[in-house]
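Worksheet for the structure shown next.
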Amino acid sequence: MSSKNDSSRTDRTPLAGVPELTERQLELYQDLHAHPELSHQETRTAGIAAEASREAGFEVHENVGTTGVVGVLSQGEGPVVLVRADMDAPPLQEQTGLDYASTQTAAGPGGEQVHVMHGCGHDVHVAALISAAQWMSDHRDQWAGTFIALFQPAEEQGAGAQSMVDAGLTELAPRPDIAFAQHVLALPAGQLGVRPGPFYSTAANLRITVHGEGGHGSAPHLTVDPVVLAAAIVGRLQTIISRELPPGEFAVVTVGQIIAGTQSNIIADRAVMELNLRTYSEETEAQVLAAIDRIVRGECAAAGSPKEPEFDFHDGFPVTVNDDDASERVRVAFAEHFGEDLQPIDRQTASEDFAMIPEAFGTPYVYWGLGGGHAEAAAGGEEGTIPANHSPYFAPEPGPTLQAGTEAIIVAARAWLA
Ligand SMILES: [Zn+2]
Ligand SMILES: [Zn+2]
């Protein structure tokens, strides 16, 4: 895609050396975009990140966790800065029509072939971090300390950060003084937003199985109907947020899936519900989980369920809470460099597993949002015209998005290392 907006919307001066990186970066980005890889299968992407880091003079560790890459560039005494880019792509069939659109398929979790698309923009994160790492290497006279470029697998499943920590990440790299991550969001391309405190919510996924007694649809009196039981549970779950949490406390309880039964004249013997939960604090999450447990057990008792319900947690994400002081330091540096392209940003109801990495080191962190939307659409003033993450039409505008993403890493890192 060619663009008339190959630099940012406003006339700010790009960081010296970044425009020279842009051509190579665009080629790299389009190559990554055309070759997305599912969680824990990011071998090609990891190979590119490792090779680029090695060429830039980093000491490189590969296959950390599954496909994780850690590059360390030391430039004498000084603070240690870690920057994370996630590498994986979700199972989606791309509909953007871009000439570098993905046509890739891969074996999904159940072994079935699925389409894969960089529908979350992790290709931007990887390309920007590779370029920023190159810049840090090319400008060693301008900073002192250590710069760590970390490429993480399996963010989409909330499993990659933990896999790197379990593989001994804290032994491979020096303890950072500060850790950063960024994510492309549906904001105008070239803009950024950073905020202190909660940035992303927790996410918990919970599979609940409730048991009935199956039988013929003509004889409900001889059964315990799990469909009626599940319906009662879904209804009462709605009271957690409306009646139990303080007004103004954010939480989401979504029942995204119910599976029960096979046909109309058979009463099933069980129902399976898939819940998705979001909060901005671990305490609120614990309160919501306790309420779910109480409601499900209570409704099972009321229905005369013959067996205890089963609760199975999967793909959980921690809360992402930016350090107050460090966020302010990043905000000041961004304001100075990006001017009006630094915009206020609300906390997001999405979730991330990045926090597990700085938490393993005991390090504060700052996470910021990076605009990727088409400037033309944004200039039209129509809200919602930028396809959101995980849309098959998600298509960051490469020029300004990559440039701002690369500069953001360098500007934030230099706030500690310069
Ligand atoms: Zn993502
Ligand atoms: Zn995603």
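The values are calculated or read from the model by the stated rules, or taken from the named source; none is laboratory data. Not measured: the values here are computed from a predicted model. Positions of Cβ are backbone-derived with ideal geometry, glycine not excepted, and every protein chain shown enters the neighbour counts. Accessible surface is based on the protein model in full, side chains and every heavy atom, while ligands, DNA and RNA are left aside. Shrake-Rupley method; radii C 1.70, N 1.55, O 1.52, S 1.80 Å.
Identify, by number, the condition in (1) within 16 Å of ligand 1 (Cβ to nearest atom); (2) open to solvent by 30 Å² or more (accessible area, probe 1.4 Å) that Gln238 doesn't meet.
(1)
Let me confirm something: among Gln41, Gln75, which residue is polar (S, T, N, Q) and either buried (at least 20 other Cβ atoms within 10 Å of the Cβ) or not assigned by TED's automatic domain parsing to the domain that holds Glu23 (or both)?
On the way: Gln75 fails: either buried (at least 20 other Cβ atoms within 10 Å of the Cβ) or not assigned by TED's automatic domain parsing to the domain that holds Glu23 (or both).
Testing whether each residue is polar (S, T, N, Q) and either buried (at least 20 other Cβ atoms within 10 Å of the Cβ) or not assigned by TED's automatic domain parsing to the domain that holds Glu23 (or both) leaves just Gln41.
Going by what's in this entry, would Gly261 be described as in contact (Cβ under 8 Å) with a residue 24 or more places away in the chain, in a loop (DSSP other than H, G, I, E, B), open to solvent by 40 Å² or more (accessible area, probe 1.4 Å) and farther than 12 Å from Val288 by Cβ? Before you say what the answer is, go through the steps one by one.
Details: in contact (Cβ under 8 Å) with a residue 24 or more places away in the chain: yes; in a loop (DSSP other than H, G, I, E, B): yes; open to solvent by 40 Å² or more (accessible area, probe 1.4 Å): yes; farther than 12 Å from Val288 by Cβ: yes.
When the stated conditions are applied, Gly261 passes them.
In the range 140-177, what count of residues is obtained for those that are within 19 Å of the chain's Cα centre (by Cα) and at negative phi?
At the first step, the residues of the range 140-177 found to be within 19 Å of the chain's Cα centre (by Cα) are 149-165.
Adding the requirement that they be at negative phi leaves 149-153, 155-157, 159-165.
So the count comes out to 15.
When the residues of the range 84-113 are filtered to those that are of a type in the set (Asp, Glu) and within 16 Å of ligand 1 (Cβ to nearest atom), which remaining residue is nearest to Ser391 (Cα to Cα)? Before the answer, list the steps.
To start, the set of residues in the range 84-113 that are of a type in the set (Asp, Glu) comprises 86, 88, 94, 99, 112.
Next, only the ones that are within 16 Å of ligand 1 (Cβ to nearest atom) stay: 86, 88, 94.
On the way: Asp86: 18, Asp88: 16, Glu94: 8 Å.
It comes out as Glu94.
Inside the range 185-227, can you point out the residues that are buried (at least 17 other Cβ atoms within 10 Å of the Cβ) and aliphatic (A, V, I, L, M)?
Leu185, Ala186, Leu187, Ala189, Leu192, Val194, Ala203, Ala204, Leu206, Ile208, Val210, Val224
If a residue counts only when it is at pLDDT 95 or above and either within 16 Å of ligand 1 (Cβ to nearest atom) or touching a strand residue (DSSP E or B) at 6+ places or on another chain (Cβ under 6 Å) (or both), which helices (runs of 4 or more DSSP H) contained entirely in the range 335-418 have at least 1 such residues?
Details: elements: 356-361, 375-379, 398-417.
Once the helices (runs of 4 or more DSSP H) in the range 335-418 are filtered for at least 1 residues that are at pLDDT 95 or above and either within 16 Å of ligand 1 (Cβ to nearest atom) or touching a strand residue (DSSP E or B) at 6+ places or on another chain (Cβ under 6 Å) (or both), what remains is 356-361, 398-417.
Please go through the range 116-147 and give me each residue that is surrounded by 19 or more Cβ atoms within 10 Å (Cβ to Cβ) and either without any contact (Cβ under 8 Å) to a residue 40 or more places away in the chain or within 16 Å of ligand 2 (Cβ to nearest atom) (or both), ordered by number.
Val116, Met117, His118, Gly119, Cys120, Gly121, His122, Asp123, Val124, His125, Val126
Identify, from the list Ala268, Ala291, Ala251, Ala230, the residue that is open to solvent by less than 40 Å² (accessible area, probe 1.4 Å), more than 16 Å from ligand 2 (Cβ to nearest atom), touching a residue at least 24 places away in the same chain (Cβ under 8 Å) and touching a Pro at 6+ places or on another chain (Cβ under 6 Å). Spell out the reasoning first.
Numbers: Ala291 fails: touching a Pro at 6+ places or on another chain (Cβ under 6 Å); Ala251 fails: touching a Pro at 6+ places or on another chain (Cβ under 6 Å); Ala230 fails: touching a Pro at 6+ places or on another chain (Cβ under 6 Å).
Just one listed residue meets the conditions, Ala268.
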